[in-house]
1. With a point put 7 Å past each Cα toward its Cβ, work out how far R1017 is from T998 in nm, to one decimal.
2. Which of the GluC sites (Glu not before Pro) across segment 675-718 are loop residues per DSSP, with 13 or fewer other Cβ within 10 Å?
3. Compute log10 of I(q)/I(0) for segment 980-1097 with the Debye formula, placing one identical point scatterer on every Cα and leaving out solvent, at q = 0.16, 0.18, 0.20 Å⁻¹, to two decimals.
4. Ignoring ligands, DNA and RNA, what percent of the 1.4 Å accessible area of segment 148-279 is carbon and sulfur?
5. Where a ≥ b ≥ c are the square roots of the eigenvalues of the C-alpha gyration tensor, would you call segment 77-142 rounded, which needs a/c under 1.5, or, failing that, prolate if a/b is larger than b/c, or oblate?
6. If you average 1/r over all unlike Cα pairs in segment 16-137 and invert the result, what Kirkwood radius do you get in angstrom?
7. Between S448 and S769, what's the calculated FRET efficiency when r is the beta-carbon distance and R0 is 22 Å? Round to 0.05.
8. Over all distinct Cα pairs, what is the inverse of the mean 1/r for segment 61-114, reported as the Kirkwood hydrodynamic radius in Å?
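The values are calculated or read from the model by the stated rules, or taken from the named source; none is laboratory data. Predicted, not measured: the structure shown is a model, and the values here were computed from it. Cβ atoms come from the backbone with ideal geometry, glycine included; neighbour counts cover every protein chain shown. Just so you know, the surface numbers come from the protein's heavy atoms only, side chains and all, with ligands and any DNA or RNA stripped out. Shrake-Rupley method; radii C 1.70, N 1.55, O 1.52, S 1.80 Å.
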Amino acid sequence: MKLKEIERTAVQAWSPANNHPIYLATGTSAQQLDASFSTNATLEIFEIDFRDPSLDMKQKGTLPASNRFHKLIWGNFGNGSPESSGVIIGGGDNGVLTMYSAHQILASKSEAVIGQTEKHSGPVRALDFNPFQSNLLASGSNDSEIFIWDLNNFSVPMTPGAKSQPHEDISVVSWNRQVQHILSSAHPSGKAVVWDLRKNEPIIKVSDHSNRMHCSGMAWHPEVATQLVLSSEDDRLPVIQIWDLRFATSPLSQLEGHTRGVLSISWCQADPELLLSSAKDNRILCWNPSMGEVVYELPIRSQWCFDVQWCPRNPTVFSAATFDGWINIYSVMGGSLEAQQKTQADKISSSFNNLDPFGTGQTLPPLQVPEQVAQTTLIPPLKKPPKWIRRPVGVSFAFGGKLITFGLTKVPGQQVQQTCPRQVFISQVTTETEFLVRSRELQMALQSGNLVEYCKGKIQTAKLQFDENLWNFLKVNLEQESRTKLLKLLGYSKDDLQKKISSCLSNGIPDKQPLPEADEMNAVQPGQLLINSSDDVAAVSSSSAFFDNLIPQDMSTLEIPVTADTDGLISQALLLGNFEGAVEVCMRAERFADAIILAIAGGENLLRETQKRYFAKRKTKISLLLSSIVQQNWQDIVRTCDLQSWKEALAIFLTYSKQEDYTQLCDMLGARLESEGDAALSDDACLCYISSGNVERLVECWVKNHETSSPLALQDLIEKVMVLSRSIEMLRGTAGPAPGPVLAERITQYASLLASQGCLAAAMNYLPSSSKELLIRQLRDRLFHAQGENVADQQPPPFPYTHIHVGVAKHVSPAAKSSSTSEGAAHKPSPRHPEKPTYQSSFTPSAPAQSSVPSLFTPQPMPAMSVTAHHAAPPQTNAGPQTSIYSRGSPYPHYNLGLPPVAVPGPAQESWTDPSAARGGLQKKKLPEKFTPPAPITAPVMSLPTELQGIHPQLSRLQESGQSPPGAPKEGSLQYHQLPVERVERKGLPPEHQGLKTTFDDLVQRCSAIATDPKTRRKLEDALQRLECLYEKLREQALSPTILMGLHEIARCIEARNYQQGLLVHTQVVSSSSFSEVSGFMPILKVLMTIAGKLNV
């Protein structure tokens, strides 16, 4: 892309790399005259400001010169001081060699010439500074004159040795870029001489034996000391030869791309793989010398370019001087010319300022820039990234803890020409060693089933009391009689309680409440209720004596009162069997013991009601406890118990509740502790969830109160989760419920962490296959396919995404309709392999195709199967995920071709045949004796329906005028083969290929809208007709999968406006396909993309 330009008939020189800003020096060129025939000479310096979008260069200094210039160079000599900008050396006519101070010219001072000599006998056409010593200058002239100048003493030159014989002009001198005492010179005869200044003699001579080399340029390799290039100006041999002095008998290789003689070459010092050349064929090419390919080409100009030079400071930029009097500056990184064209148009318009220069009374209209169809506005960049922006090293993490690295290996200079293997290293990165150790311990415990010992180990290593309690709870869940052992953990044991009761009974139970007052006559001591006297203790051992002693001595007669007092009412109620009334009287009199005894005799309902009334009236410290236990109202205990007594509440549930209620009660208690309690009680809620076996609630509670972001903290949680889950499986005999969202997120996080450490199989084991959570399903799918061959014998997990079926539309040809049902059954897919969409990956929208597509799109050679290809069964693939076919090696899934071949009429039986298809195709089935083949479809079907005529107006116009598309059969032959009108039916385009028709037709319409050239418009009209051949083949499904894949890739390139890439794909499709399949439509696709590229649509 052009960046700057200046109209000068001049030679040029860039400022050194260490100068800023960048300058370009120009000197009036010798042997060139402009229209004024002026012989004046000027040395100018221009500043290159890339921030300015205009094409103009700012002139910073000018100096009249006494001689015109054959060669101009700019060196670093004297550039150490801040005010110095180096020196400019100009070689002129009559052997004049002049040294200028660049700083003086920039400062517009007259004393800019700091040295001048006329030692040479002829014009000085060759100059070069030594890259190691800036004060050494080599110059070359006529008669094999080569001088070495020390700029500190410019008057006395040195010579590298005796003049070479025979005497001839020196066209180029060049210092070696690696060895400072090696100098080379080139002659127009094609001979190059290498000089060793330490020996003051030539050490080797290089020449082409064809005697057709007319050397115009020479350059040393920037990195390989023994290699140089020579360019030939002879039109008979327009080549660039690469020589290696170790094998100087013949060129190492030749760069052949120019059609006429090469005028100038320049080797990029920042990237040895970039070599510029300009030639008489008006082309400027950038080569990769090691590969021998052109990596960049400037648009063709109308004049020869006699000098190209890379910019030393900005390697993306180079300058080109042409014989039409222009010096242009270009970038090899590509770009757009639209902004420049608009800027030029605005500049022309602004020069008139919309005034009325001709006195017409009207302002000038806006300038209309004529459309230039042939000129493209988009300049592509280099085909490969240059060295200065190429990554020397790269690193990227991949799934599974893989680290992928690459680097440019250091190789000796003489091996640069060889293609060094670029290695990519894949290594496993492990960062969490302690996490992996604990994870392996858990895996071993889960696999062996010895989780009790695992819990014991955790109890012994627990640092906090809470952790010890938690692991105790988990261990108990794994053991038999877990309820009894949980009661012990809560501090309640039946044996301990029996001991306490016995101790209290022997010592007497203290009762802080006073005994109720009673009649003194009837008051007896507690001991007398059981034993008559203390003297009879020895007789208690005898059962009969015991019962005898219980009989009171003052036995009285039975009295049944029927009075109106409490006792009388109770007696009367009992006499009538009215237990309800008797209980009511007792409750009113607060004779609760009598009421309970009578209620027991009155039945279960009366007892329950009496208990309620009793607990409602008697309020003690344990009345609520007694009420809840007697009435089995466990939820009241959960709602009303003091949170500090949660252990007692849990003990009640363990003792009395049923198993089906126990889980719910524990969850309710844990939820109350979690919502109403402090941090310590929230931790205790985890114990409730462990008791209930609720893994999801355990994780939710744990996440609220504990940090799980670090690997070890996450390991703590997963250890508890897995042990609890395994205990539930052992208790219930089946797998627990599927994990909820919170647990799924933590398990996925844990499995991802394991995978990042390279433990893919272990990570897979933690993800339950029955889970419906999307996170788990996605990770399972990814882990399975990341393991590759290690799981080749396993069934892949269900595909985590929704399948979008874009299958091939079922089509039955006339011949296939007559085939037997058994043949049709052969088309059904095997039940072991479900049918998959055939073209799913190909037709999904993708990013614009890049220049790397040719390396990815490698069509596989397909056997000639034009007869039966579209009757093959759908591709048989496994149930794995669908991936883009362009990221795989194989372009399409394998087809099941083991079918009885069926002869199908249509495009596969066109009038021309492919001999290779006849030899290598599948054997055709014998046709019926009375079978009449239909006419070959070589042109769009006449008498199109009305709606189709509206879609293709060009076809309608052709039919109305009686014209036929090129290649269509004549009217007579058409009538001979023509089928009855009622049998011709236009089949619909398969839905998966509808995008092709839309893309190609839209491109034709866009090109037709802006095309002005009649020839181009005719080609576009012809394209519509030729594309019908493609659409017909798509309807008949007569194209091989390779061609179909290539067509869809071309369509994507067209949608991305990347026509150059589309042409590359087109070339690969044509080269890998049968001529009989693609000759009807592939040529017109190439023409269409070429036109679109020129029109820039």
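1. Reported label-point gap for R1017 and T998 is 2.9 nm.
2. Numbers: sites: E676, E696, E700, E707; in loops: E707.
Answer by residue number: E707.
3. The Debye formula, applied to the Cα set alone, gives -0.74, -0.92, -1.11.
4. Details: 2500 of 5140 Å².
Ligands and nucleic acids excluded, carbon and sulfur give 49 percent.
5. Numbers: a/c = 3.11, a/b = 1.47, b/c = 2.12.
Because a/c hits 1.5 or more and a/b fails to exceed b/c, segment 77-142 counts as oblate.
6. Working: mean 1/r = 0.0661 Å⁻¹.
Over segment 16-137, the inverse of the mean reciprocal pair distance is 15.1 Å.
7. Working: r = 22 Å, r/R0 = 0.98.
Computed FRET efficiency for S448 and S769 comes out at 0.55.
8. Numbers: mean 1/r = 0.0878 Å⁻¹.
Evaluated over segment 61-114, this radius sits at 11.4 Å.
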